[in-house]
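Take a look at the structure below.
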Amino acid sequence: MIEKNQTGADVAGRPLPELTEENRFFWTSGADNQLRVQECQSCSALIHPPVPVCRYCRGQQMGVRDVSGYATLIGFTVNHRFGLPGMPPPYVIAQVALEDDPRVRLTTNAIECDPDSLELGMRMEVVFQQEEDVWLPLFRPTAEQGTPAPLPVDEVEPEQVWRYVRPMVSQDKFEDKVAITGVGMSQIGRRLMRPPLSLTIEACERAIADAGLTLDDIDGLSTYPGGGPTGPFGEGGMTALESALGIRPTWYNGGMETFGPGGSVIAAMLAVASGLARHVLCFRTVWEATHGEYVKQGKLSPMIGSGRTTSWQIPFGALSAAHTLAQNAQRHFHRYGTTRETLGWIALNQRANAELEPTAIYRDKMTMEDYLSARTITTPFGLYDCDVPCDAATAVIVSARDAAEDLAKPPVYVEAVGTQIIERLDWDQSTLTHEPQVLGQAAHMWSRTTLQPQDIDVAQLYDGFTFNCLSWIEALGFCGIGEAKDFLDGGKNIARDGLIPINTHGGQLSHGRTHGMGLIHEAVIQLRGEGGARQVADAKTAVASSGGLTPSGVVLLRNYA
């Protein structure tokens with residue numbers, strides 16, 4: 001029997017999956033009330049999402065298997081903030097691991113239950129909900145519940161990531177051939193109502209002046225995410241900037257499949273080290289606040305609405321990275337005893353640092369009570385677990401090392417980068433207890449340097465959410481895996497005078513969501529000693545991370561040759 005409207009909402013207009021020859025068997029399997037998943041006919045592994053090759057044995061004989069429809073609840077979050085047509089909040093987004101093969105996880109909605117009664121490890125069963133030509137597999141707790149099952153084992157356990165790091169191809173490091181010579185940031189604020197390209201040009205001009213260069217010296221451009229329909233996350237890419245300024249670069253780069261939002265900087269290092277360019281201008285622009293205001297005024301359309309989607313998450317209302325990371329945080333809580341207060345110390349640290357940075361968007365004092373009592377976004381995240389949407393552009397200039405010595409500011413040198421993908425890329429199939437695409441990149445970076453975590457003076461760690469920052473703290477070895485609760489307790493270890501000062505300008509949680517590039521900007525400011533009241537004394541080394549979930553990157557910088 002097919003159940004309908006189990007979320008209790010008017011489902012008209014809910015985003016539905018786009019049916020293709022590759023996925024039709026999955027999205028229509030509920031027509032006869034039987035869940036089906038792709039199977040490798042060589043090794044019998046279940047594969048999801050469906051692909052033409054098995055990731056386990058590399059076999060290419062793929063088929064479809066009828067599965068039991070029973071699963072283990074391995075994550076859930078109650079969404080209070082985000083809504084979609086036909087899906088007004090609150091509703092429960094969940095992840096389940098199939099009993100037939102726990103390596104397969106489905107994003108779904110938990111239905112016919114009190115969210116407060118849900119518990120990790122519960123046994124769940126599929127219930128299909130038909131919408132047009134799609135049968136959505138939703139899950140409810142089974143009538144009989146035994147002892148909760150343990151969380152499934154990650155394909156790569158966090159403590160074992162280092163085993164998968166590839167050795168250096170050559171001892172001749174490209175990092176030794178480059179330096180950062182200029183940084184610039186535009187005006188930053190909420191709803192500036194300025195064209196995004198004007199912010200880009202302002203940041204780029206400031207970076208060029210900071211380096212003591214001219215536009216004619218710039219022979220490379222690098223950006224993220226590049227051109228295309230990026231909505232509030234860009235100005236039109238390299239094409240837009242080159243058309244405005246007429247730079248005529250010998251090398252250029254733009255795109256989302258790179259080393260996180262700051263991946264443009266690492267790509268520029270490679271171009272400079274190879275001799276394709278001498279001075280590459282890297283830039284990143286966001287105008288989320290203004291874009292949101294235009295959407296409210298009806299002048300722009302929202303990026304996600306009703307209709308068809310290729311996503312495996314959006315049909316269940318999981319439209320934000322918050323919905324994935326909230327479940328990773330929940331599992332970290334479950335396995336290691338972390339609490340909301342643990343995340344709160346990160347938010348409070350960033351706010352305390354922002355109080356000393358005049359350009360920060362949030363500068364008012366914040367207490368733990370303020371943090372804990374803020375409105376819920378998606379459990380366990382509240383308002384202050386989330387970064388601040390803003391309008392801003394950031395620019396960084398990467399130069400050849402031999403060209404950097406005589407410029408306006410002392411160069412900042414590159415000790416190492418970390419870029420290797422070790423964990424699965426699919427958000428709901430990847431690392432359970434940490435932000436995916438953090439552990440592997442961190443381990444890769446340490447393989448390219450003789451420096452160790454205790455040698456780092458300041459860390460600018462990606463904090464789109466508090467849990468991102470916690471994941472980087474553990475991944476980079478500032479404390480052990482699962483030890484963040486004790487390490488962060490009281491906030492002393494990450495304060496400006498602590499063991500490892502973190503996000504000294506307020507980070508994205510308080511300074512503003514500059515999407516990783518602002519963290520590189522702040523690392524350079526600290527290594528130059530230009531931080532003013534927030535300056536960390538005698539800072540010689542800095543690590544700056546960029547992204548996570550999507551491919552990410554991390555760079556280790558120093559101010560000495």
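Residues checked against (1) under 26 Å from the mean Cα position of the chain (by Cα); (2) in the same structural domain as G516 (by TED's automatic domain parsing); (3) at pLDDT 95 or above:
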position: S170; (1), (2), (3): no, yes, no
position: V178; (1), (2), (3): no, yes, yes
position: V183; (1), (2), (3): yes, yes, yes
position: S186; (1), (2), (3): yes, yes, yes
position: R190; (1), (2), (3): yes, yes, no
position: L199; (1), (2), (3): yes, yes, yes
position: L213; (1), (2), (3): no, yes, yes
position: G220; (1), (2), (3): no, yes, yes
position: G226; (1), (2), (3): yes, yes, no
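With respect to T394, is the statement that it is under 22 Å from the mean Cα position of the chain (by Cα), closer than 30 Å to R206 by Cβ and in contact (Cβ under 8 Å) with a residue 60 or more places away in the chain true? When the stated conditions are applied, T394 passes them.
Conditions tested, residue by residue: (1) of a type in the set (A, V, I, L, M); (2) touching a residue at least 24 places away in the same chain (Cβ under 8 Å).
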position: Q297; (1), (2): no, no
position: L319; (1), (2): yes, yes
position: A326; (1), (2): yes, yes
position: F333; (1), (2): no, yes
position: T338; (1), (2): no, yes
position: M368; (1), (2): yes, yes
position: V388; (1), (2): yes, yes
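With the condition kept exactly as written, say whether any residue in region 97-111 is in a loop (DSSP other than H, G, I, E, B), closer than 21 Å to P380 by Cα and modelled with pLDDT of 95 or more. Checked region 97-111: at least one residue is in a loop (DSSP other than H, G, I, E, B), closer than 21 Å to P380 by Cα and modelled with pLDDT of 95 or more. None of Q454, Q437 is out of contact with any helix residue (DSSP H, G or I) (no Cβ under 8 Å at 6 or more places or on another chain), at positive phi and not in a strand (DSSP E or B) except Q437.
Hey, does region 398-415 have a residue that's under 26 Å from G507 (Cα atoms), aliphatic (A, V, I, L, M), part of a strand (DSSP E or B) and out of contact with any Cys (no Cβ under 8 Å at 6 or more places or on another chain)? Looking through region 398-415, at least one residue is under 26 Å from G507 (Cα atoms), aliphatic (A, V, I, L, M), part of a strand (DSSP E or B) and out of contact with any Cys (no Cβ under 8 Å at 6 or more places or on another chain).
Being more than 17 Å from S186 (Cβ to Cβ), polar (S, T, N, Q), within 28 Å of the chain's Cα centre (by Cα) and assigned to a helix (DSSP H, G or I): is that true of T230 here?
no
Across region 116-133, which residue is nearest to P15 (Cα to Cα) among those that are within 31 Å of the chain's Cα centre (by Cα) and assigned to a loop (DSSP other than H, G, I, E, B)? In this case the residue turns out to be L118.
Can you spot a residue in region 246-261 that is in a helix (DSSP H, G or I), in contact (Cβ under 8 Å) with a residue 12 or more places away in the chain, out of contact with any His (no Cβ under 6 Å at 6 or more places or on another chain) and assigned by TED's automatic domain parsing to the domain that holds V417?
No, there is no match, as no residue in region 246-261 is in a helix (DSSP H, G or I), in contact (Cβ under 8 Å) with a residue 12 or more places away in the chain, out of contact with any His (no Cβ under 6 Å at 6 or more places or on another chain) and assigned by TED's automatic domain parsing to the domain that holds V417.
Candidates in region 320-343 are the residues that are under 28 Å from G83 (Cβ atoms) and of a type in the set (D, E, K, R); of these, the one that is nearest to the chain's Cα centre (by Cα) is R331.
Restricting region 491-517 to residues that are of a type in the set (G, A, S) and in contact (Cβ under 8 Å) with a residue 24 or more places away in the chain, which is surrounded by the most Cβ atoms within 10 Å (Cβ to Cβ)?
Selected residue: G507.
The values are calculated or read from the model by the stated rules, or taken from the named source; none is laboratory data. Only a predicted model underlies this, so the values are computations on that prediction, with no experimental measurement involved. For neighbour counting, all protein chains shown are included, and Cβ atoms are generated from backbone atoms with ideal geometry for every residue, glycine included.
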